[in-house]
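Here's the structure, in C-alpha cells; my notes come after.
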C-alpha cells in the first residue's frame, strides 16, 4: 500500500523561460480580482490564498524554476502554511521521541526481568502518528478546492501552444 503524499508535487518541463512565466505570474497577481496572492523572488514563487478567504488548512503552492539547456523545469509543491507545517513537524517529532523513550525504557525493564510497562509508550506514539497523518489528510481534503484554484492560476501563466 502506497501512502498518499502529505505535500503533493508536480513537475512541468517547457521551452518557455522561467523569467517569462514569472513575469506572466507577476501581471496576473497585480490584477485586483486575482484569486490568490504571491511572492516572486529569483527562481522561486510562492502562491497562496488571500487572508480573507483562507482557513487553517489553506494550502500554498511553492514553485521552483530550474533553467538548463534552453528548457525550464518547474517543480510545484503544495503544502500548508509554515505555521501548520511546523506544528505537524513538532507533533511528529514529539511522537517519535515518545516512542523512542518507550522503546528504550521498556527494553531496559524487560532486560532486567521487570514488567515492561513502558512499552505502552510505543503503542501510544504509533497511535499519535496515525492520528497526525490522518488529520493531515483530512486537512488536505478540506483545502483541495483551494489547491485547484492555485494550480489553475499558475496554469494561466503558462503560454498556450
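Pairing the Cα long axis of helix 120-142 with the longest principal axis of the chain, what angle in degrees results, from 0 to 90 and rounded to the nearest 10?
Between the helix axis and the principal axis of the chain, the angle is about 20 degrees.
By how many nm would the segment from residue 23 to residue 67 grow when fully extended, if each residue of separation counts as 0.36 nm and the alpha-carbon distance is taken off?
Stretched out fully, the residue 23 to residue 67 stretch lengthens by 14.3 nm.
Relative contact order for the chain: what is it in percent, counting Cα pairs under 8 Å that are at least 6 residues apart?
For the chain, the relative contact order is 26 percent.
Quick check: residue separation of residue 148 and residue 81 times 0.36 nm, minus the Cα distance between them. What number comes out in nm?
Here the segment from residue 148 to residue 81 would lengthen by 22.5 nm.
Just from its helices, what would the mean residue ellipticity at 222 nm be for the chain, if runs of 4 or more DSSP H residues each count -39500 (n - 2.57) and the sum is divided by every residue, rounded to the nearest 500 deg cm²/dmol?
One gets -17000 deg cm²/dmol as the mean residue ellipticity at 222 nm.
As I understand it, the value is the acute angle between the Cα axis of helix 18-30 and the longest principal axis of the Cα atoms of the chain; what does it come to in degrees, rounded to 10?
Approximately 90 degrees, to the nearest ten.
If you take P(r) over Cα pairs in 10 Å bins from 0, in percent from the coordinates, which of [x] 7, 10, 9, 8, 7, 7, 6, 6, 6, 5, 5, 4, 4, 4, 3, 3, 3, 2, 1, 1, 0; [y] 10, 30, 24, 17, 11, 6, 2, 0; [z] 10, 40, 35, 12, 3, 0 do you get?
Derived directly from the coordinates: [y].
To test your reading of the geometry: what angle, between 0 and 90 degrees and rounded to tens, separates the Cα axis of helix 82-111 from the longest principal axis of the chain?
20 degrees
Could you sort 100-108, 27-35 so that the peptide with the highest average Cβ count within 10 Å comes first and the rest follow in order?
100-108, 27-35
Please find the FRET efficiency linking residue 92 to residue 160, where r is the Cβ-Cβ separation and R0 is fixed at 45 Å, and quote it to the nearest 0.05.
0.65
If I take R0 = 30 Å and measure r between the Cβ atoms of residue 51 and residue 4 in this structure, what FRET efficiency does the formula 1/(1 + (r/R0)^6) give, to the nearest 0.05?
Calculated transfer efficiency: 0.60.
Apply 1/(1 + (r/R0)^6) to the Cβ-Cβ distance of residue 31 and residue 131, taking R0 = 30 Å, and write down the FRET efficiency to the nearest 0.05.
Result of the calculation: an efficiency of 0.15.
Every number here is computed from the coordinates shown, using simple stated rules; none is lab data. Just so we're clear, the structure is a prediction, and the values are computed from it rather than from any experiment. Because the Cβ atoms are built from the backbone with ideal geometry, glycine has one as well, and the counts that use them run over all protein chains shown.
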